[in-house]
1. Out of the helices (runs of 4 or more DSSP H) lying entirely within the range 26-132, which hold 3 or more residues that are out of contact with any strand residue (DSSP E or B) (no Cβ under 8 Å at 6 or more places or on another chain) and acidic (Asp, Glu)?
2. Scan the range 45-57 and tell me whether some residue there is under 17 Å from Glu90 (Cα atoms) and of a type in the set (S, T, N, Q).
3. Which one of the conditions (1) loosely packed, with under 12 Cβ neighbours inside 10 Å; (2) at pLDDT 85 or above does Thr85 fail to meet, given that it meets all the rest?
4. Of the conditions (1) in contact (Cβ under 8 Å) with a residue 24 or more places away in the chain; (2) in a helix (DSSP H, G or I), Lys6 clears all except one; give me its number.
5. Find the residue count for the range 26-55, including only residues that are buried (at least 16 other Cβ atoms within 10 Å of the Cβ), over 14 Å from Glu5 (Cα atoms), aliphatic (A, V, I, L, M) and over 16 Å from the mean Cα position of the chain (by Cα).
6. Looking at the range 1-25, which of its residues are touching a helix residue (DSSP H, G or I) at 6+ places or on another chain (Cβ under 9 Å), among the small types (Gly, Ala, Ser) and surrounded by fewer than 14 Cβ atoms within 10 Å (Cβ to Cβ)?
Amino acid sequence: MSKYEKIKHLAAHEFRRLTGVKIQTFNEMVAIIKEKELRKKKIGRPHNLCIEDRILMTLEYMREYRTYFHISQSYGLSESVCYRTCKGIEDALIKSGKFPLPGRKALLKNDMEYEVILIDASETTIQRPKKK
């Protein structure tokens, strides 16, 4: 039984508490990834996880910031498969345009003023007593 099958019957506020997104947002993510899967060529090995579980895995990584090792143990996959899956889901959601993230330049143009304190911790030579 997949993780999604276990949690899909939760109330809306419990689902959001667990995943960090509303059920409607989650369903939009699933639709975007399914559309991407339909356009993709069927090359290589099929995924062990359903689309919903792959999105849940990505949300788990983003929300809890668990290591890929811990996530891989939870889902029965290797670390590299977890990494590739999370990156693929993130990239597909960003490319769709419905879930944009601000770029680096947008963050640099931010009007926030930062107060910076610098501490000089450079080393200086001292005169040591000579050994006898």
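1. Values: elements: 51-64, 68-75, 79-96, 104-108.
Output list reads 51-64, 79-96.
2. So the first thing to find is which residues in the range 45-57 are under 17 Å from Glu90 (Cα atoms), and the list is 47, 49-57.
Remaining after also requiring of a type in the set (S, T, N, Q): none.
No, the conditions are met nowhere in the range 45-57.
3. (1)
4. All conditions are met except number (1).
5. Number of matching residues: 1.
6. Ser2, Ala12
The values are calculated or read from the model by the stated rules, or taken from the named source; none is laboratory data. Only a predicted model underlies this, so the values are computations on that prediction, with no experimental measurement involved. Glycine also receives a Cβ, built like all others from the backbone with ideal geometry; neighbour counts cover every protein chain displayed.
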